[in-house]
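This is the structure I want to talk about, given as structure tokens.
Quick note: the coordinates plus some simple rules give every number you see, no bench work behind them. Small disclaimer: the values here were computed from a predicted structure and weren't measured. Please note: Cβ atoms are built from the backbone with ideal geometry, for glycine as well, and neighbour counts cover all protein chains shown.
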Amino acid sequence: MSNVEPKSGSTYTVEEIRELIGCEWVTIIHLGGGSMLVVDEEGKMNNKPVNSFATQLAKDAKINMLDYVVGDVLLIRTEELN
């Protein structure tokens, strides 16, 4: 796990997020309270490893998670997405 900051200092662009998590397509998982996980839409197809921490965050947010999250993710506040 590492901390990153938006290049602009306040918001991330979709292109920047795709570069950070190493993917082409992203999906957003809203966690509530203004937080969200940005995940790799094609992570499972690309055999990325299970991300237990991100999966647990989604489950803790009371999301009906019968699934799991894979690969690198970005945990951000809603207002940080441009």
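Local charge sum around residue 38 (other residues, Cβ-Cβ under 11 Å, Lys/Arg +1, Asp/Glu -1)?
Values: positive: 18; negative: 16, 40, 41, 72, 80.
Net charge in that neighbourhood comes out at -4.
Hey, what number do you get for the chain at 222 nm if only DSSP H runs of n ≥ 4 count, each worth -39500 (n - 2.57), divided across all residues, to the nearest 500?
-5500 deg cm²/dmol
Charges at C-beta only: +1 for Lys and Arg, -1 for Asp and Glu. How large is the resulting dipole of the chain about its Cα centre, in Debye rounded to 20?
So the magnitude is around 300 debye.
Which label belongs to the value computed from this structure, given these candidates for mean projected area of the Cα convex hull in nm²: (1) 8.6; (2) 9.2; (3) 5.2?
(3)
Each label point is 7 Å from the Cα along the Cα-to-Cβ direction; what then is the distance between the points at residue 3 and residue 47, in nm?
Label-label distance for residue 3 and residue 47, simple model: 3.6 nm.
To check you understand DSSP bridge types, tell me what percent of the beta bridges within the chain (both residues inside) are antiparallel, rounded to 5.
Counting only bridges with both partners in the chain, antiparallel ones make up about 90 percent.
In addition: Going toward the positive end of the dipole of the stretch 14-80, with +1 on Lys and Arg Cβ and -1 on Asp and Glu Cβ, which of 38, 26, 63 do you reach last?
63
Would you tally the net charge around residue 4, using a Cβ to Cβ cut-off of less than 15 Å, leaving residue 4 out, and scoring K and R as +1, D and E as -1?
Net charge around residue 4: -3.
Under 11 Å from the Cβ of residue 73, count the other residues' Cβ atoms, weight Lys and Arg +1, Asp and Glu -1, and hand me the total.
Its environment carries a net charge of -1.
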